[in-house]
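Scroll down for the structure; my scribbles are underneath it.
Here, each number is a calculation from the coordinates, and none is a lab measurement. None of these values were measured; they are calculated from a predicted model. Note that each Cβ is placed from the backbone with ideal geometry, even for glycine, and that neighbours are counted across all protein chains shown.
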Amino acid sequence: MSDTTYTTSREALRRRQQDPHRVGHTGHPKNEPVPGTGQGASGPATKRIIVGYGFWVFLLSDIVIFSAFFAAYAVLQGQTAGGPGARDIVELPRTAWETGALLLSSFTCGLSFAATNARNKLWTQVFFVVTGLLGLVFLGLELQEFLSLAARGVTPQRSAFLSAFFAVVGLHGLHVTVGLLWLGTMVAQLQVKGFRREIVHRIICFNLFWHALDIVWVGLFSVVYLLGAVR
Amino acid sequence: MSQADDYDHGRDLAPGDEPEESAGHWVRNYLIGLGFASVLTAASFWAVGAQLIWGPAIPVAIIVLAIAQMGVHLVFFLHVTTGPDNTNNVLALAFGLLVVFLLIAGSVWIMGHLNQRMMQPMPMSQMLDMQR
């Protein structure tokens with residue numbers, strides 16, 4: 001099997017037939033242990049799994065950091081010190097555009113991974129670029145929001161609520177910025193080195209990172225923006 | 001260098017990974033996820049100004065829709081499944097969620113209590129009682 005052809009193995013076909021929706025509780029008798037899943041019985045895992053799992057654990061700890069910022073926001077929400085509250089600074093149309101851009105970029109990032117698995121360099125790069133552009137749209141909108149707020153004198157030092165607001169939204173924006181830099185290096189690495197094994201592993205990690213950022217944004221636009229507009 | 005030995009069928013899966021599939025399967029998966037996520041996002045933006053929902057229930061609706069959308073992202077974008085090849089990923093996720101829950105719920109709970117005790121201005125008579 002070469003890198004360019006893409007064949008479905010017999011094992012994958014068996015899985016699909018026995019468990020088409022990947023629920024997971026079919027395909028092996030109850031009394032028999034499942035060989036090599038989660039117990040390390042089949043020897044050390046492959047590098048692909050070790051790298052992916054390690055990055056998964058990092059992402060979960062990153063989400064714990066986010067949850068600390070969320071907790072601070074939830075606690076400080078009412079401490080406006082006579083300044084503007086969430087209701088006064090939230091502009092839902094902009095939030096809707098930001099959400100759309102980030103959701104679509106998550107989708108195109110997934111498509112790039114599908115292209116990676118088919119070992120199609122052109123489509124991987126195309127979807128990488130689209131992902132990056134949508135990420136830039138998101139960042140631009142967020143920057144515009146921060147600047148227009150600052151122009152109205154709404155800055156982090158105005159009140160505890162605003163400190164928490166800028167901290168949690170800014171932390172996510174910082175992650176998106178770092179993700180875009182990473183995406184740029186991934187495009188360059190893929191172009192120069194091709195689908196070498198370690199490059200594919202990095203692409204897996206980038207995908208996890210980008211999808212996780214979108215999940216954090218779901219929490220952000222719901223808790224900070226939508227709940228802010230309701231209250 | 002073949003792709004097959006890196007995938008290692010029948011064993012654990014890396015998070016975000018799936019057993020070797022055709023590109024069509026991946027794309028279909030992402031399309032379903034995008035569809036669900038769009039509907040849920042639209043629903044929660046609609047819920048903000050909805051006359052149809054009883055006022056105090058709107059925040060609950062938004063939070064439920066957000067949790068549902070996070071689930072959709074986990075299943076269709078990050079490919080977290082209940083399959084045996086995903087046991088490790090799901091266990092790590094469950095622990096992460098536990099810490100997140102403790103952090104947020106604990107902070108809100110403790111600080112809510114502190115607020116309740118510190119924010120109420122004490123009546124003058126009570127203050128005089130304390131001085132005696």
Step through the residues of region A:71-76 one at a time and calculate ³J(HN,Hα) from phi using the Karplus curve (6.51 cos²θ - 1.76 cosθ + 1.60, θ = phi - 60°), rounding each to whole Hz and writing x for Gly and Pro. 4, 4, 4, 4, 6, 8
Using DSSP to call loops (not H, G, I, E or B), can you name the chymotrypsin sites (Phe, Trp or Tyr not before Pro) in region B:46-120 whose Cβ has at most 15 other Cβ atoms within 10 angstrom? B:TRP54
Whole-Hz ³J(HN,Hα) from phi, Karplus 6.51 cos²θ - 1.76 cosθ + 1.60, for region A:191-201, glycine and proline x: 5, 7, 9, x, 7, 6, 4, 5, 5, 4, 4
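Once you average over the residues of B:84-92, how many Cβ atoms of partner chains fall within 10 Å of each Cβ?
Numbers: counts 11, 8, 4, 5, 9, 7, 2, 1, 6.
Other-chain Cβ atoms within 10 Å of each residue's Cβ, averaged: 6.
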Please compute the modelled spin-label separation between A:VAL126 and A:THR177, points set 7 Å along Cα→Cβ, answer in nm with one decimal. 3.2 nm
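Counting other beta carbons within 10 Å of each Cβ, put A:THR80, A:THR116 in order, fewest first. If you can, show how the numbers build up before the last one.
Numbers: A:THR80 16, A:THR116 23.
Lowest count first: A:THR80, A:THR116.
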In this structure, the FRET efficiency calculated for A:GLN79 and B:VAL60 from their beta-carbon separation, with R0 = 22 Å, to the nearest 0.05, is 0.40
Run through all the Cα pairs of region A:119-190 and give the fraction in each 5 Å bin from 0, expressed as whole percent. 4, 14, 21, 18, 13, 10, 8, 6, 4, 2, 0
Could you check the spin-label model distance between A:LEU143 and B:ALA50? Points 7 Å from the Cα along Cα→Cβ, value in nm. 3.6 nm
Would you mind checking which residues have amide H under 5 Å from A:GLN79's amide H? H placed 1.01 Å from N; only 5 or more apart, or other chain. A:PHE161
